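The values are calculated or read from the model by the stated rules, or taken from the named source; none is laboratory data. Source: prediction; values computed, not measured. Heads up, the Cβs are rebuilt from the backbone with ideal geometry, glycines too, and the neighbour counts pull from every protein chain shown.
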Amino acid sequence: MKESCLETEYAEFWIHNGIVCCAIRPSVKKITLEIATTLVKERLKSFNNQSYPLLTDLGNMLSVEREARVYLGEGDALKFVNSVAILTSNHLAKLAANVYLRVNKPHHIPMRYFSNENEALNWLVKHKTPEKIK
């Protein structure tokens with residue numbers, strides 16, 4: 001069940017069983033620094049400053065600019081995120097996700113890449129805070 005749904009220019013956000021889900025819109029082929037900062041600001045203002053696991057579905061995205069990768073691996077981008085599952089079946093997006101996980105992955109937050117949504121959600125459930133486990 002979707003709770004707290006937010007639709008924006010670049011993505012759709014919702015909470016599903018205590019997990020924040022972010023689906024990048026099909027029209028977004030490249031994540032720029034501007035798009036990355038906008039996505040983070042939208043997430044932060046919409047989910048009550050609570051810590052959640054985050055599922056990010058990259059959809060049809062093809063690449064992430066270096067500056068955006070760096071930004072997404074530190075500071076505000078990680079605020080109120082306790083784990084991240086990156087979901088994609090697109091081969092170019094898989095490459096971008098693998099580069100991010102090797103180069104920019106923060107060491108204090110568990111992150112993994114998945115090509116199966118159920119596997120990603122099952123992994124994220126392990127990182128839910130006790131009050132969000134139902």
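What to note about this one:
- Qualifying position, being among the aromatic types (F, W, Y) and touching a Phe, Trp or Tyr at 6+ places or on another chain (Cβ under 7 Å), among Y52, Y71, Y10: Y52
- Qualifying residue in the range 2-15 (condition: in contact with a strand residue (DSSP E or B) (Cβ under 6 Å, 6 or more places away or on another chain) and free of Cβ contacts under 8 Å to residues at least 12 places away in the same chain): yes
- Only a single item in (1) surrounded by 15 or more Cβ atoms within 10 Å (Cβ to Cβ); (2) at pLDDT 90 or above is not met by S27, and it is number (1).
- Summed over the range 61-89, the residues that are in contact with an Asp or Glu (Cβ under 8 Å, 6 or more places away or on another chain) and at pLDDT 90 or above give a count of 1.
- When residues of the range 105-128 are limited to those that are at pLDDT below 80 and within 14 Å of the chain's Cα centre (by Cα), the one nearest to E65 (Cα to Cα): K105
- Pairs are defined by a Cβ separation below 6 Å, a sequence spacing of at least 6 or placement on different chains, a first member in the range 55-73 that is β-branched (V, I, T), and a second member that is at pLDDT 85 or above and in a strand (DSSP E or B); the pairs so defined are T56/C22; T56/I86; V64/I31.
- Looking across the range 62-84, the residues that are more than 14 Å from the chain's Cα centre (by Cα) and more than 13 Å from H108 (Cβ to Cβ) come down to L62, S63, E65, R66, E67, V70.
- Residue selected from the range 35-53 under the condition free of Cβ contacts under 8 Å to residues at least 40 places away in the same chain and among the aliphatic types (A, V, I, L, M), by the criterion farthest from N90 (Cα to Cα): L44
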